[in-house]
Amino acid sequence: MSTVTAARFDDPAFYLGDPNATFRELRESDPVHWYEEGKFWVVTKYDDIKSISARPEKFKSERIAIMMDLIAHRNGVDPQGYGGRGIMFMDPPEHRAHRKAIQVRFTPAEVNKMEERVRKVVQDALDCLPDGEFDWIEKIAEPIPVYIFSYLLGVPEADWPQVAGWATTIAKVGSGLAEDSDFELIFGEVAPYLMGLVAERAKNPTDDLLSMLGSIEIDGEPFNEIQVMTYALTLLAAGSETTQSLIAGLADCLDRHPDQAERVWAEPSLSAGVVEETLRWWTPVMSMARQAAVDVELRGGDIRAGDGLLLAYASANRDVEHWGDTAEIFDIDRQDAAGHLGFGVGEHFCMGAPLARREARLLIEELATRVSRLEVTGERVPRASSLVHTHDRLPVTLTYR
């Protein structure tokens with residue numbers, strides 16, 4: 001039976017198997033595939049995804065931006081019924097105005113100013129590792145990005161561990177996996193906590209992201225408390241979960257490719273290549289989504305206005321037509337790896353990309369000063385998710401110098 005016939009693109013179980021085999025078949029035989037069970041299109045080619053992302057007037061984000069929205073749309077539910085609208089659900093010109101106001105804190109120059117803080121968080125995490133085997137997800141992948149982003153937001157350091165747990169719950173919502181208890185946690189604990197910080201910053205602003213959000217005006221209108229909280233929630237999830245998945249992928253990829261890993265531990269200057277190739281080959285965020293605003297024909301597919309489209313980044317990042325015959329091979333020397341879609345593309349390219357890259361590079365560089373080997377020594381437990389590519393548990397052992 002064809003792998004496509006058995007594929008259930010909105011089912012997390014599909015991604016626990018070998019989704020790349022299905023995507024490979026689709027790229028070759030049906031690159032713009034109508035997924036009947038899900039009632040949406042699956043787009044698998046690199047150039048097609050870039051083209052769609054560059055045309056927000058025809059492929060909108062307002063109602064459908066991630067897998068959760070495709071599921072809600074199929075079930076006749078308003079995807080925006082879950083809460084306030086964040087920047088992820090905006091199209092130009094509204095999106096550009098909001099992005100311009102926020103991204104000033106995520107430029108390479110701003111990230112440079114944070115390097116000392118980022119390195120300190122990384123060093124502290126490495127200093128606290130136990131002897132012998134430990135869970136890479138619990139000790140490294142989850143805390144480092146959340147702690148750094150919590151610092152950016154202005155969350156008190158004592159609350160960082162609690163926020164790390166919340167970030168995972170928020171990601172479950174984005175994957176369409178959330179249960180009632182998850183929504184109760186977000187609206188009963190996370191939102192009130194952030195609202196409390198927003199109110200505090202309104203009275204006593206500081207040099208953090210929450211204070212900046214409270215001072216933003218779009219077309220002369222300031223954000224209200226709900227908007228600030230919604231942005232904080234969105235940025236916390238997007239800013240931490242993607243990097244968590246990237247850091248999980250770094251350990252997994254280096255363990256699976258020991259010859260390349262040996263070079264990395266000996267030459268930490270290779271860290272940039274490792275990070276970019278992991279973003280391509282591993283693809284932390286496997287997809288985003290859009291909704292057609294008009295009827296469009298694409299590679300023989302008659303896409304109708306209102307149809308949802310899954311943009312399969314994980315597939316595009318292994319498209320032979322773009323990457324050549326070595327598309328399926330992990331290669332830290334790949335010269336064009338930075339052209340991956342690991343951070344998205346177009347209007348919604350990840351604002352936090354410079355920070356995520358810096359975190360991952362510094363982690364590799366700091367590890368290289370301490371270890372000569374990283375080995376997965378226990379059972380990998382992949383996370384059931386249709387959105388992010390990561391593990392729930394990844395037991396590793398480090399060999400120290």
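What follows is calculated from the coordinates using simple rules that are stated; it is not laboratory data. If you're wondering where the values come from, they're calculated on a predicted model, not measured in any experiment. For neighbour counting, all protein chains shown are included, and Cβ atoms are generated from backbone atoms with ideal geometry for every residue, glycine included.
If I stretch the segment between Glu262 and Ile102 completely, what's the gain in nm (0.36 nm per residue apart, minus their alpha carbon distance), one decimal?
My answer for the length gained is 53.6 nm.
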Difference of contour (0.36 nm per residue) and Cα-Cα distance, Leu16 to Cys128 | 37.2 nm
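Grab the DSSP H runs of the chain that are 4 residues or longer, score each as -39,500 (n - 2.57), total them, divide by all residues and round the 222 nm result to the nearest 500 deg cm²/dmol.
Value at 222 nm, helices only: -14000 deg cm²/dmol.
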Divide, for the chain, the radius of gyration over alpha carbons by 2.2 N^0.38 Å, where N is the residue count.
-> 0.96
Which lysines does Lys139 reach when only Cα atoms under 21 Å apart count, and residues fewer than 8 places away in its own chain are ignored?
-> Lys120, Lys172
Ranked highest first by the average count of other Cβ atoms within 10 Å around their residues, in what order do 86-96, 334-344 fall?
-> 334-344, 86-96
³J(HN,Hα) computed for each position of region 221-235 - Karplus, 6.51 cos²θ - 1.76 cosθ + 1.60, integer Hz, glycine/proline x = 10, x, 5, 8, 4, 5, 5, 4, 5, 5, 5, 4, 4, 5, 5
Under a no-solvent Debye model with one identical scatterer per Cα of region 178-276, what's log10 I(q)/I(0) at q = 0.18 Å⁻¹?
-> -0.85
Is any residue of region 226-266 close enough, with backbone N under 18 Å, to a label point placed 7 angstrom from the Cα of Ala199 along the Cα-Cβ axis, and if so, which?
-> 226-233
Most mobile of Thr243, Thr168, Thr369 per a Gaussian network model of the chain (Cα springs, under 10 Å)?
-> Thr369
Treating the Cα atoms of region 292-401 as identical point scatterers in vacuum, please give the log10 of the normalised Debye intensity I(q)/I(0) at q = 0.21, 0.23 Å⁻¹, two decimals.
-> -1.44, -1.41
Karplus ³J(HN,Hα) for region 52-58 (6.51 cos²θ - 1.76 cosθ + 1.60, θ = phi - 60°; Hz, whole; x = Gly/Pro) runs 4, 5, 8, 10, x, 6, 9
Take every DSSP beta bridge with both residues inside region 3-400 and express the antiparallel ones as a percent of the total, to the nearest 5.
-> 85 percent
For Ile66, list long-range residues whose amide hydrogen, built 1.01 Å from N in the peptide plane, is under 5 Å from its own amide hydrogen.
-> Ala289
Going by a ≥ b ≥ c, the root eigenvalues of the Cα gyration tensor, does region 1-90 fall in the rounded group (a/c under 1.5), the prolate group (a/b larger than b/c) or the oblate group?
-> oblate
